[in-house]
Protein chains: 4
Amino acid sequence: MKRKTAVLTKFNALLEIREQEIEPLKEGEVLVELEASGVCGSDVHMWKGKDPRTALPLILGHEGVGRVADMCGPKTDVFGHQLKEGDLIIWDRGVTCNLCYLCAVRKEPSLCPNRQVYGIVRDGCYATHLTLLAETKVIRMENMLGESGPASTDRIDPAILVAASCSGATAAHTVELLPIQPGDLVVLQGPGPLGLFCLAFALAKGASQAVVIGTRADAKRLELAKEFGAVHTSVVEDSSVKARREEVMELTNGIGANVVIDCTGTPASFNEGLRLTAPGGTYSLPGIATPVGEVPMRLYEDVARKNVRIQGVWVSDTSHVYQAVRLVLSGRFPLHKLVTHRFPLEKVMDALKVVDSKKAIKAVLVPGGK
Amino acid sequence: MKRKTAVLTKFNALLEIREQEIEPLKEGEVLVELEASGVCGSDVHMWKGKDPRTALPLILGHEGVGRVADMCGPKTDVFGHQLKEGDLIIWDRGVTCNLCYLCAVRKEPSLCPNRQVYGIVRDGCYATHLTLLAETKVIRMENMLGESGPASTDRIDPAILVAASCSGATAAHTVELLPIQPGDLVVLQGPGPLGLFCLAFALAKGASQAVVIGTRADAKRLELAKEFGAVHTSVVEDSSVKARREEVMELTNGIGANVVIDCTGTPASFNEGLRLTAPGGTYSLPGIATPVGEVPMRLYEDVARKNVRIQGVWVSDTSHVYQAVRLVLSGRFPLHKLVTHRFPLEKVMDALKVVDSKKAIKAVLVPGGK
Amino acid sequence: MKRKTAVLTKFNALLEIREQEIEPLKEGEVLVELEASGVCGSDVHMWKGKDPRTALPLILGHEGVGRVADMCGPKTDVFGHQLKEGDLIIWDRGVTCNLCYLCAVRKEPSLCPNRQVYGIVRDGCYATHLTLLAETKVIRMENMLGESGPASTDRIDPAILVAASCSGATAAHTVELLPIQPGDLVVLQGPGPLGLFCLAFALAKGASQAVVIGTRADAKRLELAKEFGAVHTSVVEDSSVKARREEVMELTNGIGANVVIDCTGTPASFNEGLRLTAPGGTYSLPGIATPVGEVPMRLYEDVARKNVRIQGVWVSDTSHVYQAVRLVLSGRFPLHKLVTHRFPLEKVMDALKVVDSKKAIKAVLVPGGK
Amino acid sequence: MKRKTAVLTKFNALLEIREQEIEPLKEGEVLVELEASGVCGSDVHMWKGKDPRTALPLILGHEGVGRVADMCGPKTDVFGHQLKEGDLIIWDRGVTCNLCYLCAVRKEPSLCPNRQVYGIVRDGCYATHLTLLAETKVIRMENMLGESGPASTDRIDPAILVAASCSGATAAHTVELLPIQPGDLVVLQGPGPLGLFCLAFALAKGASQAVVIGTRADAKRLELAKEFGAVHTSVVEDSSVKARREEVMELTNGIGANVVIDCTGTPASFNEGLRLTAPGGTYSLPGIATPVGEVPMRLYEDVARKNVRIQGVWVSDTSHVYQAVRLVLSGRFPLHKLVTHRFPLEKVMDALKVVDSKKAIKAVLVPGGK
C-alpha cells in the first residue's frame, strides 16, 4: 500500500511530493488516513531552517486528524476503548518515554528529552497516511461526543479540530501555568492561532476582561478576538506603548493586567508586556519557539518590586490536547473562523506561503481532498 | 434622621416593622440607603431559630446593595477611590479583625473567629438604611464598569447584583477550592441560588460538561440550569440513584465526575454525590450551613481507594464578592432570571414565605420601593 | 537458571517455598537478584484473603531492592543511565499503561486502571530473583549518591532502603497532597512504618510540631517517633479523647492541628482525628488499604463549618518513590531503626507473624541471606 | 516619658542620637521597649540614599523585638491573647490597610500600596522604645513556647530572633513561592542573612541537596552554609561559571537545579543562576531590593525552551514572620551563628559599618544594653 507525502529535503526549497510504500505495521501501531493536517507557523520556521531540531529529509506536519485505516493488534484510546477501522482520531503529537526523570518523577512529559514529535523529530502529517507508534496517546472522537457537543463524528470538521493538537494544546498548557482568577484582566499580545486559542482558554478559565494587542497585519485576527470576547483591541502601529498602558490601567483601576500572554514570538513586545503586568501578576511567553536573542529586563522595577512571575511555556502533553479538543467541541468560541484556508496536499507550498505572509489566520491541508 | 427596619424579635414570629433613629456616624463609617436586600435561605433558617449564631433581637439581611447616603470622613473602596454620596456600592458582609491567626497568618478571613456579619452577628439589611463599619470592604460599582460590562451604574439592577454578596461569593469560594480543569464534568446537586451560582462559576472556570440533579420542586431551577449550560438534568423523584450514576458514567466514559458540588443543604445527597466522584476527583459541600447530624461514609471504597478529596466550604471573603460581582456584570449567564420575586420591606414575611416554600428561586426586598 | 520463591497458594496457609525456572528475558526486561524484600502490613492482609485484588497463586512482596543480574538489550534508569550487571536498583512497584485518561490526561498514574503491581497483581519479591517488565521505572542507586549522601552503594543497606518503595512512597504521596506550611502542627495517628514515614515527610516538608497518637502495642514506635522529632506522644489506652484534644489545643493556642494524618488503617480513629483538625486544615487517610465499612461523620460541625478538607490517598507513583529514596539517603531521620527484624526467604512465615503481631516495626526478607 | 533614638537626618552622614518625648498612646497602641533592633543590609542602602522610598528625617530599623512597656486599652496578639506589660513580642513590620484590592481581593498584603513599614516609611527600631500602631500584627512569644521549643521567653535571645521579622520573613515568602519538592536540589547565590535564611527554609521545606555560591568575602558565610546542610559551596573568584555549572550538573545527573534562589542583590549573578535552573524549574530573586538597572536575558534558550519560571519576591507579610519565628525557635539550624556583632544604640554607626563591609554576617543593636 502506498501513501503520498510532501517532503522537506532542502531548506527554503519546494517540498517534494512523493509516493512511498507504507511500511508494515508493528504491534500496537495504527495507520491513519489523514483528513486534516495543520500548517503551523513553526512549519514555516522549519522550512526556513530556523528550528535547530530539524534534520533533513523530513515530512513536516505535527498537527493531524484522521481516520483509522489499519491496525496491528489491539490498540486503545485514552478511555480504554478499542480502536477500530474508520474511527476518527486525534493524538498527542509528542511520543514520550514515560521512564525518565522528567516523565516519571516530575510528570512533565512535555519536557522529556526523548520526546519524539511527528513532523519535527520524525515524519509527520503532510501526507495522505501516517503510522502512529504504539506509544502514541490517542483520543477517539466518538468518546468525546455527547449531550454537550456534536451528535456524531460526521459533525466534526477535521480541519477545525486539527489545531487542537498543537496551538490549542500549547494554549491549554499556557493557561494551566497561569493562576487566572475569575474577574481577572488578561492582555494578549499577538493574536495568531496560538494567541487566539490562549485568549479562548483564558476566558474559558474565568478571565472576565481581555485586551488584545496586534499589528495592522493582524486586522482580521483582532476582529475575531472581539468575537471571542475581548473587550478592547489595539493596533501597535496606530497607538503608543504609553497609550496602551493607559488603556489597561484605566480598565483595571490602576492595577495592571493580572496576566499577560505574549504570543508574538518575537522579543519586541517583551518589555511592554512585562510592564503591563500587575503587582503579583504573571507574564507568560508561549510564543517563543525559536532562538530570538536577548532582551534587556529591569530586575527591580519590573520583577522584584512587583512580585511578578515570568513563565516560560514549552509545548504540551496529552492533558492539554484533551482540553483543547473539549474546547473546540464545546462551540463556545467561534474557533472555526480560525481556518481561513484549505489546500490539497499538492498545494502545500501555497499553504506555507499564506501562513508566512499572515494572509491566513490558519491554513490546513486536507490530504483526502475534502 | 430615621430609618425603617424589619426586626426579628422572636423565632417563628412576624418580623416587626419599626422606625428607628439612625445613630450618628463614627469616623470612617458609611450610611447606605439600601436599594436591594436579598432574602437568603439561611434567613429562613435563622427566622426558625435553627442557626446557632442568632441572638435576638436582630435585623436580618446579610445581602445588600445600596447608595452612599452619608459618610463620616473619607472612606475608600477596594480600588482606593473615595466614596461620595450617591455612589452605588456592594460590600463584604463579613467584617474581620485582620489581626488574628486565621486572618493574618492563614489569610483565610472567612474563618476569622471575630468575623462580624451584617444580618447575622449584627444588624443587617432588612431596612431602608444600614451603617457600614469603617473596616467594611466596599466595592464601588462605578469602578466595575467598562467596555466589558454595563455602561453606567444606572444599568445595574441592584436586585440582581445583591446575591453576589452571599450566594455568589460562597460559590466563588467553593469553586476556588475545587481544582477544576478545562474539559471536566461537574455534577451539581441542589440547584437553588447557591447551586446555580456554583454551576455558573464551575462553567466560568472551565468545566465543559455539567449535570444537575434536583427535585420536582426544582423544576424551574432545572430549566434555568439548562439555560446556564448544563448538558443534562435529572429529577430525583423521577429516576434512581443507579440511573443517575449510569448517566454520569456514560458521559464520562466510565470515569465519573471530576467535581461534585452538593448544594442541597441536606445530608441525603451525600453518598450519591460522593460515589459519582471520579478517582482523583473532589466532592464539595458548600450548602451545609446548619447542623444536619451525621452521615455514614465508606472510607475505603469512596475515599481512600479513589484518592478522593472532600472539601468543606465556609462562607466567603472579599475576593469572592469581587469575583461574583464580575460574574454578574459579565452577562455571560442569565443570572437575572434567579430573581423571581421582589417585595417592599413591609412585605418581608411574604418574602420569607416564598423562599421557604421554594416558590421563589430568589426573592429580594427593595426597601426603596423600586 | 533457577530461582527460589515463596508462593501464596491458599489464604491463611503456609507459603510454599519453591524452586522455579526463570523464564527467558524479553526485550528491555531486567532480572534482579533481590537483596531485600519488605514485608508490608498489607502482605498480611493479602495472606488472610482480605484484599479484594488478590488472585492465587501469587508470589507476594511489593517492596524490593536488588542488583541487576541480567538484561535483555539496553535499559536505562530515570536519569537515562544504562543499567549494567551488578547495579543496585530500586523501582516503582506499579507498572502503568501511560496511555489512559488517568495516566495521560490527569497525570495520576497511581490511579491507572491498568496498573500492575509486583507482589499484588503479578508475582513479586518474596523470591531470590524477580524479572522487571520493560516498562518498569528504575532508580539506579549509583546516581543517587553524592556529597549529600552515602559515598558508594556498598554503604546503602538494602533492607533499610526497601521501605522507600511502598510505605515511604505512599507517605511522600500523602504529604504531597497536604498543604503543609512551615510552622504547622501535625497530628499523626498510627505510628507503624507508613505512619513513621509520614511523620518524617511532614517534618521534612516544614511542619514544626508533631503529635503522635498510638496504642500500648506501639510503645517502641512512639519512642521512635520522639527520636524523629515528635514533640508529644499519647497512648490511646492511657488517656482520653478529651485529654488528647486538650493537648493539641494547648500546643496550638486553641486552633487545632493544621494537618492530621491517620495511618491506623481502621475507622476507629476517624472522628477523633477529624475533630482535631483546625479550621481550614486537612485530614488525610493513607492507612485505609482494605474495606473497613462505614464511619459516621458530622457534616456541619466537622467539615463545612470548619472549611476542612478530607483527603483520600491511594498508593504512589515514581515521583514518590524517588522522594522516599532521597529521604532515606539523607540520613536526617533514623529510618534504619524501623527495620527491627530480618529473615531469610525460608523464614517468611516468621516474618509475616512478627508483622501481624506488631512485634516488629518493619520486617524484611533478605533472600541472599545477608 | 522619654526615649533615645538614632535619627537619619542626612544621607551618608552620622545618625543623630536624640532624646525625644514619647507621645501619648492612642487606643490600641502598644509601647515597646526594644531589646533588639536588627541592622539590615537595606538600612545601609537607605543610609546611602539609594532606596527611593526614604524621606528624611527618619529613625531607621525595621527589625525589632521587645517587651511591652505600656498599652492604651486592650490589644491582642495573633492568637487572641491579651498583651500585658512585660510580654516579649515581635511584629509584622508592615502595617497594611486591609481594605484595598491587593489586601482584600488578592490577599497579598505585602503588595498593599498603603503599607507602612516601621523604619522605612515611618519611624522604626533604632531607639530604646517604639510605639506600635493599633493595626500592627503582633506575635507574643509566650504563645510560641511549648514542648518543641524554648521553655520560657527568658530562653529566647532577642538578638537572634530579631531577623525573623525581615530576612527570615522574606525568606519564608521566597520559599512559599517556590514549588520545592522533597528530593530537589537548590542553588543559593549570595549567602548573606537573607540567603542563609532562604537556605534554611529551602531545606526545611524538603530540598535534599543545596549548593551555595558566594564570594571570597563570604568565606565565613559559606562555612555556615555547610553547617546548615549545604552539600557543596563554591567561591566565585576561585572557580568559573563553567566549573560551577558542571558541579551542579554532576550532582543532578545532568538535570540542573530544580530551584535557584539569588540573594546577591546584584544583577551580575542573574544569567549564571538562570542557566543552572532545570527544565521546569524556578529561578527566584528575593535579593533585589533597590534599582540595579537591566540584565540581558535569552528568551528562548533560558526561559521558553526550558519551561522555566522566574519569580520576583517583594518583602513579606505576617504569615511569613510567623513561619520565620517558628523556624528560629525550632533550633534545627544554627541561626544564632548569624549574629556576629552586637552594639549599643549609641554605636549605631559602627553597626552600619560592619554590615556595609560584610565583616558582620548580621549585626544587631541592643538598645537596652544587654
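The values are calculated or read from the model by the stated rules, or taken from the named source; none is laboratory data. Values in this document were obtained by computation on a predicted structure and should not be read as measured data. We place every Cβ from the backbone using ideal geometry, glycine too, and count neighbours over all the protein chains shown. Remember, those area values only see protein heavy atoms, side chains included, never the ligands or the DNA or RNA. Shrake-Rupley method; radii C 1.70, N 1.55, O 1.52, S 1.80 Å.
Points to keep in mind about this one:
- When restricted to residues that are open to solvent by 30 Å² or more (accessible area, probe 1.4 Å) and in a strand (DSSP E or B), the stretch D:233-280 contains 3.
- Residues of the stretch D:331-350 that are within 14 Å of another protein chain (Cβ to nearest Cβ) and open to solvent by 50 Å² or more (accessible area, probe 1.4 Å): D:331, D:332.
- Residues (among the hydrophobic types (A, V, I, L, M, F, W, C), more than 12 Å from chain D (Cβ to nearest Cβ) and outside any loop (DSSP other than H, G, I, E, B)) located in the stretch C:146-194: C:159, C:160, C:161, C:162, C:163, C:187, C:188, C:194
- Any hit, the stretch A:110-122, residues being more than 30 Å from residue A:9 (Cβ to Cβ) and either in contact (Cβ under 8 Å) with a residue 12 or more places away in the chain or not in a helix (DSSP H, G or I) (or both): yes
- Restricting the stretch D:205-224 to residues that are surrounded by 16 or more Cβ atoms within 10 Å (Cβ to Cβ) and in contact (Cβ under 8 Å) with a residue 40 or more places away in the chain leaves a set whose member that is nearest to the other protein chains (Cβ to nearest Cβ) is D:209.
- Out of A:80, A:49, sole residue that is in contact with a helix residue (DSSP H, G or I) (Cβ under 9 Å, 6 or more places away or on another chain) and more than 17 Å from residue A:165 (Cα to Cα): A:80
- Output for the stretch A:77-101, where each listed residue is within 14 Å of chain B (Cβ to nearest Cβ), touching a residue at least 60 places away in the same chain (Cβ under 8 Å) and either touching a Cys at 6+ places or on another chain (Cβ under 8 Å) or surrounded by fewer than 19 Cβ atoms within 10 Å (Cβ to Cβ) (or both): A:78, A:79, A:81
- Residue within the stretch B:292-313 that is at pLDDT 95 or above, in contact with a Phe, Trp or Tyr (Cβ under 9 Å, 6 or more places away or on another chain), open to solvent by less than 10 Å² (accessible area, probe 1.4 Å) and within 14 Å of chain A (Cβ to nearest Cβ) present: no
- Any chance residue B:217 is in a helix (DSSP H, G or I), among the aliphatic types (A, V, I, L, M) and either more than 26 Å from residue A:328 (Cα to Cα) or out of contact with any strand residue (DSSP E or B) (no Cβ under 9 Å at 6 or more places or on another chain) (or both): yes
- With respect to the conditions (1) under 21 Å from residue D:331 (Cβ atoms); (2) within 13 Å of another protein chain (Cβ to nearest Cβ); (3) open to solvent by 20 Å² or more (accessible area, probe 1.4 Å), residue C:227 falls short on a single one, namely (2).
- One residue stands out in the stretch A:59-76 among those that are open to solvent by less than 10 Å² (accessible area, probe 1.4 Å) and in a strand (DSSP E or B): the one that is farthest from residue C:97 (Cα to Cα), namely A:59.
- With respect to the conditions (1) among the hydrophobic types (A, V, I, L, M, F, W, C); (2) more than 30 Å from residue C:316 (Cβ to Cβ); (3) out of contact with any helix residue (DSSP H, G or I) (no Cβ under 9 Å at 6 or more places or on another chain), residue A:188 lacks only one, and its number is (3).
- Of the residues B:284, B:319, the single one that is among the small types (Gly, Ala, Ser), within 14 Å of chain A (Cβ to nearest Cβ) and surrounded by 17 or more Cβ atoms within 10 Å (Cβ to Cβ) is B:319.
- When the stretch D:225-246 is filtered for residues that are without any contact (Cβ under 8 Å) to a residue 12 or more places away in the chain and either in contact with a Leu (Cβ under 6 Å, 6 or more places away or on another chain) or of a type in the set (A, V, I, L, M, F, W, C) (or both), only D:243 remains.
- The set of residues in the stretch A:160-179 being closer than 17 Å to residue B:204 by Cβ and surrounded by fewer than 24 Cβ atoms within 10 Å (Cβ to Cβ) consists of A:176, A:179.
- Number of positions in the stretch A:267-281 that are more than 9 Å from chain D (Cβ to nearest Cβ) and out of contact with any strand residue (DSSP E or B) (no Cβ under 8 Å at 6 or more places or on another chain): 2
- Residue in the stretch A:108-119 that is open to solvent by less than 20 Å² (accessible area, probe 1.4 Å), within 11 Å of chain C (Cβ to nearest Cβ), within 22 Å of residue C:77 (Cα to Cα) and touching a Cys at 6+ places or on another chain (Cβ under 6 Å) present: yes
- When each of B:68, B:30 is tested for being free of Cβ contacts under 8 Å to residues at least 60 places away in the same chain and in contact with an Asp or Glu (Cβ under 8 Å, 6 or more places away or on another chain), the lone residue that passes is B:68.
- Of the listed requirements (1) part of a helix (DSSP H, G or I); (2) away from chain C (no Cβ under 11 Å); (3) open to solvent by less than 20 Å² (accessible area, probe 1.4 Å), residue A:104 misses just one: (2).
- Contact annotation: residue pairs with Cβ atoms under 8 Å, 6 or more positions apart or on different chains, pairing a residue in the stretch A:39-58 that is without any contact (Cβ under 8 Å) to a residue 60 or more places away in the chain with a partner that is among the polar types (S, T, N, Q), are A:48/A:12; A:49/A:12; A:56/A:9; A:57/A:9.
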